Amino acid sequence: MSTTRRNSTLIRRRLQRAGTVLSFVVATLALAACSNLLEVKYPGRIPVEQLNSPSLAGVLADGVVGDLECAYNNYFSGSSAHSDEFETANDNGTLANAGERNITSNNDDYATSACEASSLNTAGDFGLQVPMHTARFQAEDVFNRLKGWTDAQVKNRTALQAKVRAYGAFAYTFFGETYCTFAVDGGAAGPVSVASNTAAQEFAEAIQLANTAITAGQTSTNPSLPEIIGMSNVGLARVNMDLKKWPEAASFAQKVGPGFEVFADRGTENDRRWNKMFYLFTDLGAYTIACALRPTHASLGKLDAPCGTTPPLDDPRLGVVDAGKGAFNPPIRLWIQTKFRDLGQKVRLASYKEARLILAEAQAQQGLVSDAQTTINNYRDLYSLPHLTFADKPDAIAKILHERQMELAFEGGHRLNDLLRYQISWKPSGTSNPFTGRPYGSTTCWPTPTKETNGN
């Protein structure tokens, strides 16, 4: 599949409505994420006629990073609300629906909402389609501009190409993991494996370009070239896991060095940059931690009643605490995660620990149960946790999925991906949210919006 993409139908419509006024953000460190090409309101914008200037290459590349971070902010928080990690604790339309499996293809906010958390021109929720396709398209567009320029025109051109390719690949990764179908260029919706395979191609190209840049003495910052290689190896392990290419997943996971981590930046300078999980889940209290993830605690009387006899879960990796107050709906007790403690908290995008967990799963899936057990126990040593014993392949897979849930909770869309990959039931349709009494819907993967389908 060609890696040259045109804009999605939704974004094309916005471009057409705006005529020729197209702008890119020039923000501090060029990392202020834009939700889509036309809703940027920061001072210092680049007119469309200047976009072909090689002097702006670095700004454009950093804009790609910002666009991916914008989409990722909505993606990871929305996917977490939709999964079995949280329960809705509000009555606010789309926000309530996101935590009760009631987002459908006809939901406009899901399709078109932007990255802002609280401004008047957006629902402030988890708009996915426009931010995700913006990140994808911008990465393709800027990469092609860089490809058309020369090293004489653009300093560190190959390094910039590597950065743009790596971040663009993550957009395809997310489409491949939790969407029901995947469509671009006005084409018909197809299997999400197309997105996963494209991500694999682009991660591999990012590594090749980064190595070429290193050989040529070029440099990169935020992230560095070695970090681009590391995050691309994690990405390759991840997409090959999604594609059930277990030997390849194991191979790439083993290339990631101890302690490696790359984060998506967040900030407090405007609501476009806020960590949306902290803002919506912790600050506003729109969602409360699911009963199955709550630790041992002193009885809260009737406030504990919705959880019934659900046993507590005590694990140092989760960081779940009682907020000591009511949620958005005050009668509901608010339980919160502590990974993200403020609006500017960064969000992990790729890491050595994730790679170790992928390696263990890949080993178990190939029948290498003893190897998987060793990998998991070496990982658990990082937290001084007791070792596990795997009885057989099914037991190994079940325990590895639990380890993934503990390590990767509340980030990256990982839990929703695991629920979908292994067809694990959660918030069963026909039952109700124990806190609001509202019935759960039947949405599993993220649907392609009707507006997008009708336009294709």
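Residue by residue through segment 426-456, note down the ones that are free of Cβ contacts under 8 Å to residues at least 12 places away in the same chain and farther than 24 Å from residue 304 by Cβ. Working first, answer last.
Narrowing segment 426-456 to residues free of Cβ contacts under 8 Å to residues at least 12 places away in the same chain: 430-432, 437, 454.
The answer is 430, 454.
Hey, among the residues in segment 335-369 that are among the hydrophobic types (A, V, I, L, M, F, W, C) and in a loop (DSSP other than H, G, I, E, B), which one's farthest from residue 317 (Cα to Cα)? If you could, list the steps in order and put the result at the bottom.
Narrowing segment 335-369 to residues among the hydrophobic types (A, V, I, L, M, F, W, C): 335-336, 340, 343, 347, 349-350, 355, 357-360, 362, 364, 368-369.
Within this subset, residues satisfying the condition of being in a loop (DSSP other than H, G, I, E, B) are 340, 343, 368.
Numbers: 340: 13, 343: 21, 368: 26 Å.
By that ranking, first place goes to 368.
List the pairs whose first member sits in segment 240-258 and is not assigned by TED's automatic domain parsing to the domain that holds residue 366, whose second member is surrounded by fewer than 16 Cβ atoms within 10 Å (Cβ to Cβ) and outside any helix (DSSP H, G or I), and whose Cβ atoms are under 8 Å apart, counting only residues at least 6 apart or on separate chains?
246/366; 247/366; 250/366
Residue by residue through segment 141-193, note down the ones that are of a type in the set (S, T, N, Q), part of a loop (DSSP other than H, G, I, E, B) and more than 22 Å from the chain's Cα centre (by Cα).
Passing the criteria: 150, 153, 156.
Across segment 416-438, what is the number of residues that are part of a loop (DSSP other than H, G, I, E, B) and not hydroxyl-bearing (Ser, Thr, Tyr)?
11
How many residues are charged (D, E, K, R) and either within 23 Å of the chain's Cα centre (by Cα) or surrounded by 14 or more Cβ atoms within 10 Å (Cβ to Cβ) (or both) if we restrict to segment 302-339?
Initial filter on segment 302-339 (charged (D, E, K, R)): 302, 304, 314-315, 317, 322, 325, 333, 339.
With the extra rule that they be either within 23 Å of the chain's Cα centre (by Cα) or surrounded by 14 or more Cβ atoms within 10 Å (Cβ to Cβ) (or both), the set shrinks to 304, 315, 317, 322, 333, 339.
Looking only at that region, the number is 6.
Regarding segment 275-293, can at least one residue be identified that is under 30 Å from residue 378 (Cα atoms), among the basic types (Lys, Arg) and outside the structural domain of residue 238 (by TED's automatic domain parsing)?
Scanning segment 275-293, I find no residue that is under 30 Å from residue 378 (Cα atoms), among the basic types (Lys, Arg) and outside the structural domain of residue 238 (by TED's automatic domain parsing), so the answer is no.
Of everything in segment 162-210 that's without any contact (Cβ under 8 Å) to a residue 60 or more places away in the chain and of a type in the set (S, T, N, Q), which residue is surrounded by the fewest Cβ atoms within 10 Å (Cβ to Cβ)?
The residue in question is 193.
Exactly one of (1) surrounded by 20 or more Cβ atoms within 10 Å (Cβ to Cβ); (2) among the acidic types (Asp, Glu); (3) at pLDDT 95 or above; (4) out of contact with any Cys (no Cβ under 9 Å at 6 or more places or on another chain) is unmet by residue 84. Its number?
(1)
Keeping to segment 171-193, report how many residues are in contact with a helix residue (DSSP H, G or I) (Cβ under 8 Å, 6 or more places away or on another chain) and either hydrophobic (A, V, I, L, M, F, W, C) or under 21 Å from residue 70 (Cα atoms) (or both).
14
Here are 253, 189: which of them is at pLDDT below 95 and either over 24 Å from residue 142 (Cα atoms) or of a type in the set (Phe, Trp, Tyr) (or both)?
Within the list 253, 189, the selection yields 189.
The values are calculated or read from the model by the stated rules, or taken from the named source; none is laboratory data. Just so it is clear, the model here is predicted, and its values are computed rather than measured. Because the Cβ atoms are built from the backbone with ideal geometry, glycine has one as well, and the counts that use them run over all protein chains shown.
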